[in-house]
1. Per 5 Å bin, what percent of the C-alpha pairs of segment 185-324 does each bin hold, from zero upward?
2. Taking 0.36 nm per intervening residue step and subtracting the Cα-Cα distance, what contour gain separates residue 340 from residue 108 on full extension?
3. List the aspartates and glutamates whose alpha-carbon lies under 15 Å from that of residue 336, not counting same-chain residues fewer than 8 positions away?
4. Which number do you get for Rg(Cα) / (2.2 N^0.38 Å) in segment 1-56?
5. Scaled to the compact-protein estimate 2.2 N^0.38 Å, what is the alpha-carbon radius of gyration of segment 146-249, rounded to two decimal places?
6. Using helices alone, I'd like the mean residue ellipticity at 222 nm for the chain: each DSSP H run of four-plus residues gives -39500 (n - 2.57), total over residue count, nearest 500.
7. Sorted from largest down, give the three principal axis spans of the alpha carbons of segment 289-406, whole angstrom values.
8. Take the Cα coordinates of the chain, assign each an equal point scatterer, and use the Debye formula without solvent to give log10 I(q)/I(0) at q = 0.06, 0.14 Å⁻¹.
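Read the figures in this text as sums done on the coordinates, not as results from a lab. Small disclaimer: the values here were computed from a predicted structure and weren't measured. Note that we place each Cβ from the backbone using ideal geometry, even for glycine, and neighbour counts take in every protein chain shown.
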Amino acid sequence: MLYALHEAAYRSAAPVSAAAHMMRDFWRSPFNLAGDTGLGRNLHASADLLANLTRRYGKPAWRISATTVNGHVVPVTCDKPWSSPWAALRHFRRDPDALRAAGSQTDRPAVLIVAPLSGHFATLLRGTVETFLTDYDVCVTDWSNARDVPILEGRFGFHDYVDTLMDMLGHIGRRAHVVAVCQPGPAALAATALMSEDEDPLRPASLTLMGSPIDARFSPTVTNRLAEERPFSWFQSNMIYTVPWPYAGTLRRVYPGFVQLYSFMSMNAEAHQEAHRRYFDHMVRGDGDSADKHREFYDEYLSVLDLTEEFYLETIDIVFQRYLLPKGELIHDGRKVDPAAIADTALMTVEGERDDISGVGQTQAAHHLCPNIPENLRELYVQPGVGHYGVFNGRRFEQEIYPRVRDLIDRREALL
């Protein structure tokens, strides 16, 4: 019922949204001589804010066509070497001729960035991808919106996620360096452990876990406490809804992206309100650069996808309530998942000092679970002064975190 009400609310707001767009365009028009007056700027800013608050936010485009290497512009192409109804492997390739012209190697290793399946599209990591492209070809897990997957395609749960990661690593064709951002940490660690135990020649060369709930018992956050305090049946009864017509996934049971978005925004409601107030002021003052940055962030942040019922509930159960991986009790396809099997995959953990989603200690717990990795292939890092988002994006990620990840990758490559 909630999903249907949400859709009805969007459709009922359509006339208001259309009127706001018309008003915004009217006051923005260069032929409107009153547009640059104080009244005109205030009316334009009001209409623009209302238009943004009432419109739908679809899946954003990647918009990555080039990178810069040694001061040279290098074209980037994106293809899809592997896909399933639930995900696509996006491969961003740098032009080899342009790389040679820039004096860079063309045989650099591939990096697989595992995007979270927790409400946002993989494009939330656009900045992360762009940063890694300065040194590597980059593959990304581009997850599907569950509401768009027909119910006849079956289920997709936590263990299907692990299998998908192993399939993707197999299609990359050489030992890749895996960077798991937030939620996929436990699944990425499990996939690495299983491939290591099998001595799979395409097991990850390195695994970097960023703000991941490997052991959510450490430094519990508001999100962790909610998962602990509520019985499993509460999540089944209150967080799962049926996809309505006319979506392709009609009748599929999902955890809606808009519910996740509301949860995230309510945790920092004052910050979001202040951001929109500043946006209004920037529009009135004609500060286009600041307004553009605000729009770019919220175009991405407000674009959400649905998760399947089974994936959401299994994640709650396995990661946040029973802690199966750190307790050594996770069983995948009849096999016990043993991170101690990992011996030649370099391991790095990155945490944010102010992370209110995955508290400090939850990610670095992976080091204790992987005792057979040599010390020279380990890195434990806590970034001062950043929250969850700052662990994988922004100035401090680019200047302080990424160089450490790059050093670990290069150190591991030198030993292969």
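1. All Cα pairs, binned at 5 Å, distribute as 2, 8, 12, 14, 15, 14, 13, 11, 7, 3, 1, 0, 0 percent.
2. Length gained between residue 340 and residue 108: 80.7 nm.
3. 163, 197, 198
4. Taking N as the residue count of segment 1-56, the ratio is 1.38.
5. Normalised by 2.2 N^0.38 Å, the Cα Rg of segment 146-249 equals 1.32.
6. It lands at -12000 deg cm²/dmol.
7. 53, 40, 21
8. -0.26, -1.35
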